[in-house]
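Student: Sharing a structure below in structure tokens format, with a few things to ask.
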Amino acid sequence: MDKSYNPRAIEQRWYQQWEERGYFAPSGQGESFCIMLPPPNVTGSLHMGHAFQDTIMDALTRWRRMKGDNTLWQPGTDHAGIATQMVVERKLQAEGRSRHELGREGFTDAVWQWKEQSGDAINGQMRRLGASVDWSSHRFTMDEDLSHAVRTVFVRLFDEGLIYRGKRLVNWDPVLRTALSDLEVLSEEEKGKLWHIRYPLANGNGDLVVATTRPETMLGDTAVAVHPEDERYQHLIGKELCLPLSNRIIPVIADEYVDREFGSGCVKITPAHDFNDYDIGKRHNLPLINILNPDASLNENVPEAYRGMDRFKARARIVADLEQLGLLERVDDHHLMIPRGDRSQAIVEPYLTDQWYVKIAPLAEPAIAAVNDGRITFVPSNWSRTYFDWMNRIEDWCISRQLWWGHRIPAWYDEQGAIYVGLDEQDARQRAGLTPEHALNQDEDVLDTWFSSALWPFSTLGWPEEGTRLQQFYPSSVLVTGFDIIFFWVARMIMLGLKFMHDVPFRTVYIHGLIRDGQGQKMSKSKGNVLDPIDLIDGIELEDLVQKRTSGLMQPHMAPMIEKATRTEFPAGIPAFGTDALRFTFAGLATTGRDIRFDLGRMEGNRNFCNKLWNAARFVLLQTEGQRIAAAEQPGSVDRWVLARMHRMVAAVESHFAEFRLDLASQVLYEFIWNEYCDWYLEFTKPVLQGTDEQAKAATRHTLLSVLETTLRTLHPIMPFISEEIWQRIRDLLGISGDSIMLQQFPRAQLPACAEPECGLDQEIDWLRDVIQGIRRIRAELNVAPGKPLQALFQSGSERDRDLLQRYSDIFSQLARIESYEWIDESRDTAQCAVALVGDLKVLVPLKGLVDVEAELVRLRKQLDSERSMLAKAESKLADRRFVKNAPDTVVEQEKERKVTHASNVAKLQDQYRQLESLRD
RNA sequence: GGGUGCUUAGCUCAGCUGGAAGAGCAUCGCCCUUACAAGGCGAGGGUCGGCGGUUCGAGCCCGUCAGCACCCACCA
């Protein structure tokens with residue numbers, strides 16, 4: 001074995017073998033366990049968030065697979081309508097072409113090509129991460145069978161009246177020229193102005209002042225509203241105004257919606273370009289005047305002077321014109337929420353169009369109930385509240401998009417505009433009994449990407465066909481995802497899963513935090529702070545990293561800043577850490593529900609951990625290779641001790657896994673492997689293995705191996721590669737048959753009942769460690785070289801101390817570097833010694849000629865202070881009658897023991913101090 | 001305007017049903033001791049955001065304030 005762990009040499013080899021041998025596919029036996037991979041968008045490559053998520057899913061999947069479950073981790077990718085169309089359009093643009101040039105078919109062909117390439121990259125990344133997905137069942141949301149599921153759902157919902165086409169205001173992205181759902185619009189506060197405009201009364205008797213943040217929409221005004229109880233305007237309700245610039249006559253209406261306190265208390269009403277005004281317009285039967293073209297330029301419904309102008313150009317012009325007419329009362333600075341499309345960043349306009357909608361209320365109700373009655377649980381549970389909040393206010397879902405890339409809506413129109421819905425044109429005709437001569441044209445639009453995503457838990461399993469996969473793996477077990485798509489995806493899967501499968505799509509929704517950079521910033525390409533998980537695995541030179549982060553930017557002027565920040569943060573680039581270290585780091589960071597600052601320091605610590613484990617394995621192999629290894633009839637006490645510790649660790653890991661606490665599971669593993677197995681047990685074995693007791697040696701060798709082997713299996717779900725590599729090397733020694741650790745059984749903890757002798761073992765070993773550490777501390781604090789052999793004296797111990805010392809004499813001597821020791825009489829002068837206390841036992845090191853008296857006095861003084869303060873604490877507690885009366889007996893008892901111990905320690909230390917002090921001068 | 005989460009060692013974070021504050025990294029000593037210098041052995045470092053309350057006892061429960069982060073929302 002190499003002297004240090006080299007992940008590069010082994011990872012890909014094992015993955016390839018696992019995949020080739022079909023280990024990832026469901027075994028067909030045992031209880032079903034299924035995780036649906038949230039299909040990544042085919043737009044690009046996996047980022048840290050994906051890698052984090054994949055680690056969690058893979059750990060859970062491997063764990064359940066090893067427990068004997070029939071395990072399916074369903075992989076796939078999402079066509080990501082808008083996002084992908086944009087990426088490909090941008091690519092075309094760079095080549096000086098446009099999608100219109102290619103035409104619809106040509107363009108979608110181009111997107112398919114892109115999808116192949118990008119999808120491959122994503123799958124390659126997942127392999128590098130060790131993801132044990134069942135590749136044979138990989139799906140893409142636009143595969144034919146999934147598309148069929150989409151059409152089937154559409155038709156059925158349409159037939160039930162749950163999908164309808166309607167003309168109403170939608171969020172319109174004028175750059176992409178498509179409708180968006182409410183979720184795809186993000187509002188942010190921006191600086192703007194509040195224009196106060198005078199609207200003259202039609203009868204010439206004065207005017208009304210309206211305040212608006214959008215003066216250009218006044219061209220579409222069809223009323224001005226005031227509050228019905230506003231005394232200032234009572235007399236004007238029902239009167240008419242002359243709308244400036246357009247010179248139309250519009251009424252003054254009264255509506256409760258108006259806030260008297262805001263602005264002038266008069267609101268211009270533009271039903272076709274504002275969601276509130278739309279509602280008011282409906283209440284008052286106002287006409288709708290659409291003044292925008294699809295690109296948000298003004299259309300033929302406005303005065304000629306403004307036609308064809310973009311809305312914001314028109315705004316400037318209108319404001320200027322109003323000013324000239326003396327109708328601009330004043331302009332205030334004003335902060336307002338600006339809605340933007342989440343992909344294009346374009347300012348979204350409320351726009352009157354025909355779109356397809358899903359009627360949500362009938363679907364939402366059972367979906368709320370499913371979480372309410374516990375058929376679905378959120379982990380952590382507080383996310384269910386977020387879910388309820390949204391579900392209770394949810395509105396109909398606009399599902400049509402004016403794009404080319406996606407599932408084309410399975411609806412056809414005839415020349416009269418009648419709608420025919422069907423799985424395909426033939427089906428639509430058949431359902432309506434149309435003759436072949438009846439001309440039909442298919443709807444040009446495609447469906448919202450999330451429509452197909454919502455079906456993912458059953459469409460990937462073969463629905464609408466009934467089949468064993470569907471039966472076995474629906475509902476899936478756990479959904480692992482980020483909070484950012486609870487609304488987009490989780491809620492919709494629940495609604496449609498319940499609707500079409502009559503059962504929830506998953507039992508548990510595990511919500512994880514967001515991976516941020518070291519400064520707590522969200523990672524994004526535009527900020528130039530993204531890390532490619534593969535770069536953490538393989539490492540990357542600084543120059544390459546800079547190059548990667550600064551190329552292909554939407555805002556190239558950011559490049560120098562990004563470069564500088566990158567050079568500061570990673571002056572030496574990023575070293576190769578390997579997949580297991582990355583996964584272990586993710587697991588350790590997977591605490592419930594909070595965002596995660598990615599810390600390279602932790603990454604490094606975990607790489608070191610891999611190396612530690614690697615070297616422990618080297619040691620074990622060195623001791624066992626070529627030996628006959630058999631289970632010992634009489635394992636020694638340190639063997640039994642480490643086995644007990646190991647079982648405790650296994651039990652803890654198991655329960656942490658069950659509660660999705662991978663952070664705690666990884667911590668328990670880390671501590672056992674490093675702090676128990678390596679730091680103590682391996683050291684304990686050395687004197688035995690160097691000794692002559694063949695039986696003890698055999699027992700030790702076996703324990704070394706079997707503890708390592710069991711630990712590797714416990715570790716495997718989180719660190720699949722190193723565990724496999726080492727396991728393969730020790731498998732034969734233990735006579736284990738089996739081709740891979742990933743097919744072995746996950747360890748089952750055997751916890752000793754407390755009546756068994758193992759319970760006393762812990763105390764014995766604690767004693768042993770205390771004695772060794774006492775001497776080590778004396779060495780370190782008094783600057784005695786670690787390797788220098790010392791003599792030790794023992795004084796005033798109990799029978800048990802004598803017994804233990806005798807039994808662990810070899811270990812003690814070697815680990816504490818003691819060449820000889822003896823028991824001395826109580827009355828013996830120990831002035832020339834440094835002391836360590838272990839219970840009643842005084843461990844003494846003669847320091848004549850080794851160190852100066854003053855240094856030891858300082859050391860004693862420090863110990864005394866600490867012992868005294870602890871004694872005082874215990875005494876004061878026990879002196880408090882209320883404490884003794886109210887606290888549970890065990891707590892009071894504990895306090896009494898502490899008092900005794902510390903009192904005894906103080907006495908001993910004082911005595912030692914006095915003796916030593918007498919040596920002064 | 002509603003809602004959620006966070007505030008613990010210099011940094012990144014654990015801390016289970018309230019019973020003497022933990023890890024990794026960083027820092028300071030001493031060591032190349034034949035598994036590992038990506039290491040070993042030791043050490044230092046915290047009035048657990050502020051205030052108030054409940055309790056024999058609070059990092060943990062309650063109230064309140066402050067700061068940070070995020071989500072949702074139609075005040076023109």
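Student: Which one of A:Gly520, A:Gly482 is open to solvent by less than 30 Å² (accessible area, probe 1.4 Å) and on the phi > 0 side of the Ramachandran plot? Before you say what the answer is, go through the steps one by one.
Tutor: Numbers: A:Gly482 fails: on the phi > 0 side of the Ramachandran plot.
The conditions single out A:Gly520.
Student: Do we have A:Arg317 as within 30 Å of A:Gly263 (Cα to Cα), modelled with pLDDT of 90 or more and open to solvent by 40 Å² or more (accessible area, probe 1.4 Å) here? So that I can check it myself, show each step before the final result.
Tutor: On the way: within 30 Å of A:Gly263 (Cα to Cα): yes; modelled with pLDDT of 90 or more: yes; open to solvent by 40 Å² or more (accessible area, probe 1.4 Å): yes.
Considered against the rule, which asks whether it is within 30 Å of A:Gly263 (Cα to Cα), modelled with pLDDT of 90 or more and open to solvent by 40 Å² or more (accessible area, probe 1.4 Å), A:Arg317 comes out as yes.
Student: Would you call A:Leu712 touching a Phe, Trp or Tyr at 6+ places or on another chain (Cβ under 6 Å) and either under 21 Å from A:Asp639 (Cβ atoms) or in contact (Cβ under 8 Å) with a residue 24 or more places away in the chain (or both)? Explain how you work it out, then say what you get.
Tutor: Numbers: touching a Phe, Trp or Tyr at 6+ places or on another chain (Cβ under 6 Å): yes; either under 21 Å from A:Asp639 (Cβ atoms) or in contact (Cβ under 8 Å) with a residue 24 or more places away in the chain (or both): yes.
Criteria met by A:Leu712.
Student: Pull out all pairs, ordered by first then second residue, where Cβ-Cβ is under 6 Å, the residues are six or more apart or on different chains, the first lies in the stretch A:35-48 and is within 24 Å of A:Ala491 (Cα to Cα), and the second is of a type in the set (D, E, K, R) and open to solvent by 10 Å² or more (accessible area, probe 1.4 Å).
Tutor: So the pair list comes out as A:Val42/A:Lys115.
Student: In the stretch A:151-231, which strands (runs of 3 or more DSSP E) lie fully inside it and hold 3 or more residues that are within 48 Å of the chain's Cα centre (by Cα) and closer than 30 Å to A:Tyr420 by Cβ? Quick ask: steps written out before the conclusion?
Tutor: Numbers: elements: A:163-173, A:178-180, A:185-200, A:207-212, A:223-226.
The qualifying strands (runs of 3 or more DSSP E) are A:163-173, A:178-180.
Student: Follow-up question, since we're still on this one. Which one of these is under 24 Å from the mean Cα position of the chain (by Cα), of a type in the set (Ser, Thr, Tyr) and buried (at least 16 other Cβ atoms within 10 Å of the Cβ): A:Thr592, A:Thr550?
Tutor: Numbers: A:Thr550 fails: under 24 Å from the mean Cα position of the chain (by Cα).
That would be A:Thr592, the only listed residue that is under 24 Å from the mean Cα position of the chain (by Cα), of a type in the set (Ser, Thr, Tyr) and buried (at least 16 other Cβ atoms within 10 Å of the Cβ).
Student: Could you pull out the residue among A:Asp840, A:Asp825 that is in contact (Cβ under 8 Å) with a residue 60 or more places away in the chain, away from RNA strand B (no atom under 12 Å from the Cβ), of a type in the set (Asp, Glu) and under 24 Å from A:Arg802 (Cβ atoms)? Show your work before the answer.
Tutor: Values: A:Asp825 fails: in contact (Cβ under 8 Å) with a residue 60 or more places away in the chain.
Of A:Asp840, A:Asp825, the one residue that is in contact (Cβ under 8 Å) with a residue 60 or more places away in the chain, away from RNA strand B (no atom under 12 Å from the Cβ), of a type in the set (Asp, Glu) and under 24 Å from A:Arg802 (Cβ atoms) is A:Asp840.
Student: I'd like to know if the stretch A:411-426 contains one or more residues that are open to solvent by less than 40 Å² (accessible area, probe 1.4 Å) and closer than 30 Å to A:Asn372 by Cα.
Tutor: No; the residues of the stretch A:411-426 include none that is open to solvent by less than 40 Å² (accessible area, probe 1.4 Å) and closer than 30 Å to A:Asn372 by Cα.
Student: Here are the criteria: (1) among the aliphatic types (A, V, I, L, M); (2) over 26 Å from A:Asp810 (Cβ atoms); (3) outside any loop (DSSP other than H, G, I, E, B). Tell me which single one A:Ile736 does not satisfy.
Tutor: Result: A:Ile736 fails condition (3) only.
Student: The conditions are (1) touching a residue at least 24 places away in the same chain (Cβ under 8 Å); (2) under 22 Å from A:Pro200 (Cβ atoms); (3) surrounded by fewer than 17 Cβ atoms within 10 Å (Cβ to Cβ), and A:Asn247 fails exactly one of them. Which is it?
Tutor: Here A:Asn247 meets the rest and fails (1).
Student: Looking at this structure, is A:Thr566 closer than 17 Å to A:His47 by Cβ and surrounded by 15 or more Cβ atoms within 10 Å (Cβ to Cβ)?
Tutor: When the stated conditions are applied, A:Thr566 passes them.
Student: Could you tell me how many of the residues in the stretch A:430-473 are under 14 Å from A:Ala149 (Cα atoms) and either in contact with a strand residue (DSSP E or B) (Cβ under 7 Å, 6 or more places away or on another chain) or of a type outside the set (Gly, Ala, Ser) (or both)?
Tutor: So the count comes out to 16.
Student: Let me ask something else about it. For the stretch A:93-125, what are the residues that are open to solvent by less than 40 Å² (accessible area, probe 1.4 Å) and either under 22 Å from A:His407 (Cβ atoms) or hydroxyl-bearing (Ser, Thr, Tyr) (or both)?
Tutor: The initial filter retains those residues of the stretch A:93-125 that are open to solvent by less than 40 Å² (accessible area, probe 1.4 Å), namely A:99, A:103, A:106-108, A:110-111, A:115, A:118-119, A:122-125.
A:Arg99, A:Gly103, A:Gly106, A:Phe107, A:Thr108, A:Ala110, A:Val111, A:Lys115, A:Ser118, A:Gly119, A:Ile122, listed by residue number.
Student: Please name all residue pairs, on different chains or six or more residues apart, with Cβ atoms under 6 Å, provided the first residue is in the stretch A:477-489 and is away from RNA strand B (no atom under 14 Å from the Cβ) and the second residue is open to solvent by 10 Å² or more (accessible area, probe 1.4 Å) and in a strand (DSSP E or B).
Tutor: Between residues of the stretch A:477-489 that are away from RNA strand B (no atom under 14 Å from the Cβ) and residues that are open to solvent by 10 Å² or more (accessible area, probe 1.4 Å) and in a strand (DSSP E or B), the close pairs are A:Ser477/A:Arg507; A:Val478/A:Thr508.
Student: Quick one: how many residues across the stretch A:100-123 are of a type in the set (A, V, I, L, M) and either free of Cβ contacts under 8 Å to residues at least 40 places away in the same chain or in contact with a strand residue (DSSP E or B) (Cβ under 9 Å, 6 or more places away or on another chain) (or both)?
Tutor: Taking the stretch A:100-123 as the starting set, the residues that turn out to be of a type in the set (A, V, I, L, M) are A:102, A:110-111, A:121-122.
If we keep only those that are either free of Cβ contacts under 8 Å to residues at least 40 places away in the same chain or in contact with a strand residue (DSSP E or B) (Cβ under 9 Å, 6 or more places away or on another chain) (or both) as well, we get A:102, A:110, A:122.
Residues meeting the conditions: 3.
The values are calculated or read from the model by the stated rules, or taken from the named source; none is laboratory data. Quick caveat, the model's predicted, so the values are computed rather than measured. Don't worry about glycine lacking a Cβ; one is built from the backbone with ideal geometry, like all the others, and counts go over all protein chains shown. Heads up: the accessible areas ignore ligands, DNA and RNA and are worked out on the full protein's heavy atoms, side chains in. Shrake-Rupley method; radii C 1.70, N 1.55, O 1.52, S 1.80 Å.
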